[in-house]
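Q: Sharing a structure here in structure tokens format.
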Amino acid sequence: MGVDHDGFIQTIVTPPFQEAFRPLLDHICQQLSPTNLPCVHSVYVYGSVATGQAVAGRSDLDLSIILHAAPTSDEAADLEQIRREAETAYPVVSKIDFDIGLLSEVLPSEAGIAWKYWLRHHCRCLLGEDLSLGVGLFRPSRQLALAVNGDFERVLGHYRTSLSGDISHSTAARLMREASRKLIRSTNVLRRHEDIDWPDTLDAHANRLRDRFPFRRDDIDYFLTQALTPQDEPAAFTVRLQSFVDWMAAQNRNLG
């Protein structure tokens, strides 16, 4: 992705979907259609399946789902059932993630900056009205970085709490992987106002942090490893996570 010659953040390349994933995508469209689930406004695919770089049997299917309003308990249960059943029925992906948003979070001009950026630059519409249409391209800025990942303390705090519970090894590995990815991407909030680059991959974020904060090299290498192949014990991971989040939060406050 990166930045184009006009200074705008690039959008993803959208080749035709890979044939191996089409049956799953068709199934998702059927199950999440407004006819079947009226609470759904639109569905978007992002990640490797969206860019045509997915590996059958190894890649995840990542979906952003915009709902008309906050789901009822029954609607939330229906969404989770659809996700679980599709994950079981289609082993072409290793897992399926639903990233849920509300229409009211997307439409406002200011409050919706994070979702507008996300849908415009990272997603392709799979079903429903495409909310990215008419949204202009974004330029790199600290304001945008904060809109997208300024919630890192709260989100990573939830991961830390979840990892301290009585969970299976596979669940712990998944949570450590997700938390590490969120943390690495969130390091973009430490950008300066004059920075004009925009890292897109985990490696790009990691390299950026290593260059600016070389004394944190061991930490970022550790979390990059956990983001790819989680192998540490949850207790050790959460201690290291909290230490890094505290440091990041202090740096973020200093930047103003």
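The values are calculated or read from the model by the stated rules, or taken from the named source; none is laboratory data. Here the structure is a predicted model, which is why all the values come from computation and not from measurement. Heads up, the Cβs are rebuilt from the backbone with ideal geometry, glycines too, and the neighbour counts pull from every protein chain shown. Heavy atoms of the whole protein, side chains included, go into the accessibility calculation; ligands, DNA and RNA do not. Shrake-Rupley method; radii C 1.70, N 1.55, O 1.52, S 1.80 Å.
Q: Working carefully through the options 170, 104, find the one that is open to solvent by 40 Å² or more (accessible area, probe 1.4 Å), out of contact with any helix residue (DSSP H, G or I) (no Cβ under 9 Å at 6 or more places or on another chain) and in contact (Cβ under 8 Å) with a residue 12 or more places away in the chain.
A: 104
Q: Something else about it: Identify all residues within the range 125-140 that are open to solvent by less than 60 Å² (accessible area, probe 1.4 Å) and of a type in the set (A, V, I, L, M); write none if there are none.
A: Listed by number, the residues that qualify are 126, 127, 131, 135.
Q: I'm trying to understand the selection: among the residues of the range 217-246, which are more than 16 Å from residue 178 (Cβ to Cβ) and open to solvent by less than 30 Å² (accessible area, probe 1.4 Å)?
A: 219, 220
Q: Criterion first (touching a Ser or Thr at 6+ places or on another chain (Cβ under 8 Å) and buried (at least 17 other Cβ atoms within 10 Å of the Cβ)) does residue 119 satisfy it?
A: yes
Q: With the checklist (1) more than 15 Å from the chain's Cα centre (by Cα); (2) under 27 Å from residue 176 (Cβ atoms); (3) open to solvent by 50 Å² or more (accessible area, probe 1.4 Å) in hand, flag the one item residue 143 doesn't pass.
A: Condition not satisfied by residue 143: (2).
Q: Turning to a different aspect of this structure: Return the residues of the range 115-173 that are in contact with a strand residue (DSSP E or B) (Cβ under 8 Å, 6 or more places away or on another chain), part of a loop (DSSP other than H, G, I, E, B) and farther than 24 Å from residue 190 by Cβ; say none if nothing qualifies.
A: 129, 130, 131, 132
Q: In the list 177, 192, 210, which residue meets the criterion of being touching a residue at least 60 places away in the same chain (Cβ under 8 Å) and basic (Lys, Arg)?
A: 192
Q: Quick check, is residue 86 part of a helix (DSSP H, G or I), farther than 24 Å from residue 188 by Cβ and either open to solvent by 20 Å² or more (accessible area, probe 1.4 Å) or in contact with a Pro (Cβ under 7 Å, 6 or more places away or on another chain) (or both)?
A: no
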